[in-house]
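Note sheet for the following structure.
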Amino acid sequence: MDPEAEPDEETEESIAAELMRAAEELGIDLPESRAPYADLAEFVDAGGDRQVSVSRHDDGVAFEVNLYGRGARLAGGLTTDLAVVLRVPAAWTGGAGLEETREAAPFIAFRPWALVHEREPLGRVELTWWTKLDRVHLPPYDRHPRAHALLAAAHAEPVLRRLMPVNSHFNLWFSTSVANPSEAGVGYVIDPNDEGLYAVRHNGELLARTRTPQEAVALVVARLPEGLGPAA
């Protein structure tokens with residue numbers, strides 16, 4: 001070693017290392033953490049289906065915790081209590097259900113569809129709708145109420161609920177394909193942020209701008225061919 005070399009600057013402890021150290025001090029058994037980034041820790045059960053991610057919230061103080069299972073984000077929440085954070089991966093990857101996990105860590109929140117999906121997996125189309133609708137509760141999507149209002153209006157239409165919802169830059173369109181939605185779009189796209197209105201386009205051509213998402217969705221529904229769907 002070069003005696004004149006500058007000493008390395010002390011590197012900040014990753015969140016995974018922080019959590020594992022705290023778990024050891026508190027006597028909490030956790031599965032080995034994956035750390036794809038310094039500010040993100042992931043805990044996965046032995047079967048690889050249940051996962052918990054922990055990261056720092058934007059405020060730099062609270063921990064943001066998310067639970068995944070059966071191919072979807074099912075629950076999550078924010079807390080500043082590190083000891084309570086550690087109860088989540090211990091419970092969820094240890095086989096506890098959503099309700100049991102919430103009993104151990106009351107800051108965890110979920111909606112009714114997540115309980116349904118936990119017990120009996122939803123179909124791909126229905127699950128996609130629910131996970132997209134749920135984003136309004138999560139940053140940064142919670143800053144886009146118009147996009148969420150559009151999703152809610154579309155979900156209220158039975159014919160559209162049979163199709164795969166697809167988003168791109170908050171635009172919403174629909175597909176008859178589950179596996180390759182981009183290859184089977186029905187041709188209509190609704191933009192929730194076009195000059196403060198909801199713009200409806202068909203194959204790139206502007207059809208109308210409406211004041212409400214319900215009006216935009218009704219225009220699309222009225223133009224769809226009969227017997228369309230369900231997406232497969």
*When each pair of different Cα atoms in the chain is counted once in the 1/r mean, what is the Kirkwood radius in angstroms, to one decimal?*
20.2
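Roll a 1.4 Å probe over the protein chains and send me the accessible area per residue for region 86-232 in Å².
Numbers: 7510 Å² over 147 residues.
Dividing the accessible area of region 86-232 by its residue count gives 51 Å².
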*asked:* Let me check the size of region 1-120 from its C-alpha atoms; what are the radius of gyration and Dmax in Å?
replied: 16.5, 64
*Per DSSP H run of n ≥ 4, the term is -39500 (n - 2.57); total these for the chain, divide by its residue number, and report the mean residue ellipticity at 222 nm rounded to 500 deg cm²/dmol.*
-9500 deg cm²/dmol
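Give the calculated FRET efficiency between Leu228 and Asn193 to the nearest 0.05, with a Förster radius of 22 Å applied to their Cβ-Cβ distance. Provide the component values of the computation, followed by the final result.
Values: r = 26 Å, r/R0 = 1.20.
In this case the efficiency is close to 0.25.
Note down the magnitude of the dipole of the chain about its Cα centre, charges +1 on Lys and Arg C-beta and -1 on Asp and Glu C-beta and zero elsewhere, to the nearest 20 debye. Mind dumping the intermediate values first?
On the way: 21 positive and 37 negative charges, 422 e Å.
About 2020 debye.
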*Measuring from a point 7 Å past the Cα of Ala38 along Cα-to-C-beta, which residues in region 49-76 have an amide N at less than 14 Å?*
56
*asked:* Is there a quick way to get the dipole size of region 107-232? I mean about its Cα centre, with the Cβ of Lys and Arg at +1 and of Asp and Glu at -1; what is the value in debye to the nearest 20?
replied: 160
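For region 135-232, compute Rh as the Kirkwood radius over C-alpha pairs and then the Stokes-Einstein diffusion coefficient at 20 °C and 1.002 mPa s; write the answer in µm²/s, rounded to an integer. Provide the component values of the computation, followed by the final result.
Numbers: Rh = 13.5 Å.
The diffusion coefficient I find is 159 µm²/s.
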*State, to one decimal in nm, how far the label point of Glu99 lies from the label point of Arg211, with both points 7 Å from Cα in the Cβ direction.*
4.5
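Can you give the FRET efficiency to the nearest 0.05 for Ala46 and Glu24, using r as the Cβ-Cβ distance and R₀ = 22 Å?
Values: r = 20 Å, r/R0 = 0.91.
Step by step, r from the Cβ atoms, then E = 0.65.
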*Simple spin-label estimate for Ser168 and Glu13 in nanometres, 7 Å along Cα-Cβ*: 4.6
*Mind giving me the nanometre distance, one decimal, between the label points for Ala83 and Asn180, set 7 Å out from Cα along Cα→Cβ?*
5.5
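The values are calculated or read from the model by the stated rules, or taken from the named source; none is laboratory data. Bear in mind that the values here come from a model prediction, so they are computed numbers and not experimental data. Every residue, glycine as well, gets a Cβ built from its backbone with ideal geometry; the counts of neighbours run over all protein chains shown. The accessibility values were calculated without ligands, DNA or RNA, using every heavy atom of the protein model including side chains. Shrake-Rupley method; radii C 1.70, N 1.55, O 1.52, S 1.80 Å.
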